[in-house]
Amino acid sequence: MQLLEVINKICVVCVLSVSAGNALADANCSATNLTNPDIISCSQQSFAKIDKLLNEQYKALSSELDPSSRPELLSAQKSWIKLKESYCANEGDGATGEESPIDKLSCIKQFTSFRLNELVYLRTGVIGDGFYKAVSVVNEKTTAMNYSKAVEYVGGDTDFGPSWKEYAENNCAMTEKLYGETADRCMARMRFQMPIY
């Protein structure tokens with residue numbers, strides 16, 4: 001089942017009537033006085049765009065990789081799905097009323113963007129998360145840390161749990177294979193960009 005289908009099923013629960021459902025389709029997402037149903041609709045539209053880009057990048061990367069690397073990509077992708085589901089499964093459960101789906105959509109969008117950045121990196125070698133820029137700033141301008149210490153400092157040492165570790169290790173095995181990014185630097189970078197939930 002596509003992630004967008006899951007999101008749509010979750011948000012159907014939020015729609016209290018057919019007229020509210022019709023209003024969702026007409027939401028002006030740039031308005032400043034959005035109602036919760038409008039926010040849900042706009043979040044769904046935003047997620048649909050991100051999810052489409054993620055799927056395009058995944059398919060393109062898969063077709064460009066050497067066939068022997070495709071199982072590694074699939075493994076990393078499955079690990080990411082497991083990570084996203086473990087973090088976002090209960091997101092919004094504590095929120096009251098119509099806010100619960102907004103929180104869940106926000107979580108899923110952030111984790112999808114997190115993976116999209118990695119797919120772009122795996123495909124192009126271009127890192128768009130700011131990690132190495134932050135390391136350079138810490139290394140050169142604000143501390144007397146050498147580069148390795150700056151990597152450790154910026155990456156931190158947060159343990160995001162076994163799902164994160166599995167995903168990060170699978171993904172970092174690919175970045176090392178494709179671009180020579182060492183496992184310790186990749187793991188620090190993955191901690192740096194991890195959405196916090």
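All of the numbers you see were taken from the coordinates with simple rules; none came from a lab. From a predicted model like this one, the values you see are computed outputs, not experimental measurements.
Where a Cα-Cα gap under 28 Å defines reach, which lysines qualify for LYS78, not counting those fewer than 8 residues away within the same chain?
Output for LYS78: LYS9, LYS49, LYS52, LYS59, LYS104, LYS109, LYS165, LYS177.
Which length gain, in nm to one decimal place, applies between SER62 and LYS149 when the Cα-Cα distance is subtracted from 0.36 nm times their residue separation?
Values: separation 87, 0.36 × 87 = 31.32 nm, distance 3.46 nm.
My answer for the length gained is 27.9 nm.
Can you give me the relative contact order of the stretch 67-197 as a percent, contacts being Cα pairs under 8 Å and 6 or more apart? Don't skip to the answer; put the middle values down first.
Values: 118 pairs, mean separation 39.2, N = 131.
Value for the stretch 67-197: 30 percent.
Shape of the stretch 38-197 from its Cα gyration tensor (a ≥ b ≥ c, root eigenvalues): rounded if a/c is under 1.5, otherwise prolate when a/b > b/c, or oblate? Provide the component values of the computation, followed by the final result.
On the way: a/c = 1.92, a/b = 1.28, b/c = 1.50.
Here the stretch 38-197 falls in the oblate category.
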